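For reference, the structure is listed below as structure tokens.
The values are calculated or read from the model by the stated rules, or taken from the named source; none is laboratory data. The model shown is predicted, which means the values in this text are computed figures rather than measured ones. Cβ: placed from backbone, ideal geometry, glycine included. Neighbour counts: every protein chain shown. Ligands, DNA and RNA are stripped out before the accessible areas are found, and what is left, the full protein with its side chains, is counted by its heavy atoms. Shrake-Rupley method; radii C 1.70, N 1.55, O 1.52, S 1.80 Å.
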Amino acid sequence: MVLRQGISATTYRRITLFALAALIFIIITGGAVRLTGSGLGCSDWPTCEDNRLVADLEYHAMVEFVNRVVTGFVSAAVALAVLGALLRRPRRRDLTVCAFGLVAGVAGQVVLGGLVVWYHLSPWLVIGHFLLSMVLVANAVVLHHRAGWIEPVGALAAAGGRPPARRADVRMTRLLVALSALAIVSGTLLTGAGPHGGDPDVERLQFDIGALARLHGGAMVLCAVVALLVWALAERGPPQRRDAFAAPARLVVVVIAAQAAVGYLQYFTGVPPLLVGIHIAGAAALWTGVLRLHLAVRDAARCAPDSGEERTGERSPRTAPVG
């Protein structure tokens with residue numbers, strides 16, 4: 001019956017939210033593997049040890065094995081997103097393409113995960129594994145954004161005689177995305193040079209930790225400045241602009257403040273694993289929030305009066321987001 005009738009846009013948006021949450025969750029569990037020194041708890045791949053699929057009842061082995069099980073759940077969530085895109089009524093090509101992008105990313109993660117084990121947690125492979133996870137999160141954010149009910153901002157613009165956002169707003173949020181990417185990459189390199197490599201005998205990157213920390217902190221300061229500016233302009237602008245993106249801008253500012261507090265605390269307390277884990281989760285939250293802000297502002301800038309949006313909130317293929 002479902003195959004014949006398909007699923008609604010609302011149902012599909014819930015599916016994409018589940019896929020996004022799963023992709024963020026595995027970033028956190030992957031960080032837990034490294035921070036507990038369990039990276040080689042299963043020293044083989046795709047099996048765990050000596051051709052045994054299931055790990056022994058040993059702490060490090062079970063931590064690594066559970067993370068592999070989580071990968072299976074993430075794969076199922078991604079498969080559900082693809083199936084939902086095919087069953088959604090009306091079907092949209094952009095959603096299907098985004099959903100299959102998740103499949104390609106998860107496949108790449110599986111391959112990289114095997115290489116990480118085979119090459120004994122090479123820091124460059126671990127960095128690649130993490131950054132690909134962030135690319136997957138970006139893909140999932142775009143998919144969830146496109147799949148959802150989008151407020152007819154064209155109607156809001158018509159009421160005020162202007163679109164809710166300007167091209168300058170879009171440029172600022174684009175800069176914010178770039179600065180956030182710089183902060184994530186520099187933070188990942190900083191972790192690769194730090195003490196938490198997933199195993200006591202793993203090689204570490206021979207970088208100047210102080211210089212990397214300053215680069216990472218500087219990128220975060222610039223992120224905070226731009227995010228505060230976007231928030232201030234939204235709050236002080238016309239009502240349409242506040243409705244369009246003041247709330248996501250405020251959320252980004254809060255996440256940046258929390259990340260800064262955790263980052264400085266871990267730096268001055270000897271980088272304890274728990275704080276590093278919180279910082280990893282915060283990085284995923286920051287990346288998600290910044291992307292959602294950029295998408296909201298970009299859509300608001302593109303939607304001028306008479307944009308052709310339907311009153312149901314369903315965007316026509318001609319006006320659907322494309323990036």
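So Arg236 ticks every box in (1) at pLDDT 90 or above; (2) within 23 Å of Ala257 (Cβ to Cβ); (3) out of contact with any helix residue (DSSP H, G or I) (no Cβ under 6 Å at 6 or more places or on another chain) but one. Which box is left unticked?
Here Arg236 clears every test but (1).
Just the residues that are open to solvent by 30 Å² or more (accessible area, probe 1.4 Å), touching a residue at least 40 places away in the same chain (Cβ under 8 Å), not charged (D, E, K, R) and not in a helix (DSSP H, G or I), please, taken from segment 197-236.
Matches in segment 197-236: Pro200 only.
Does Asp56 count as under 18 Å from Leu136 (Cα atoms), out of contact with any Ser or Thr (no Cβ under 7 Å at 6 or more places or on another chain) and of a type outside the set (A, V, I, L, M)?
Here the answer is no, as Asp56 does not meet what is asked.
How many of the residues in segment 32-52 are at positive phi and either of a type in the set (Lys, Arg) or free of Cβ contacts under 8 Å to residues at least 12 places away in the same chain (or both)?
Result for segment 32-52: 2.
Residue by residue, here is whether (1) at pLDDT below 85; (2) aliphatic (A, V, I, L, M) holds:
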{"position": "Ala55", "(1), (2)": "yes, yes"}
{"position": "Arg68", "(1), (2)": "no, no"}
{"position": "Ala77", "(1), (2)": "no, yes"}
{"position": "Asp94", "(1), (2)": "no, no"}
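When the residues of segment 57-94 are narrowed to those that are open to solvent by 30 Å² or more (accessible area, probe 1.4 Å) and either touching a Phe, Trp or Tyr at 6+ places or on another chain (Cβ under 9 Å) or among the charged types (D, E, K, R) (or both), which ends up nearest to Pro200 (Cα to Cα)?
Looking at the filtered set, the residue picked out is Glu58.
If you take the residues of segment 247-274 that are of a type in the set (S, T, N, Q) and over 30 Å from Gly237 (Cβ atoms), which of them is least open to solvent (accessible area, probe 1.4 Å)?
Taking the candidates together, the pick is Gln266.
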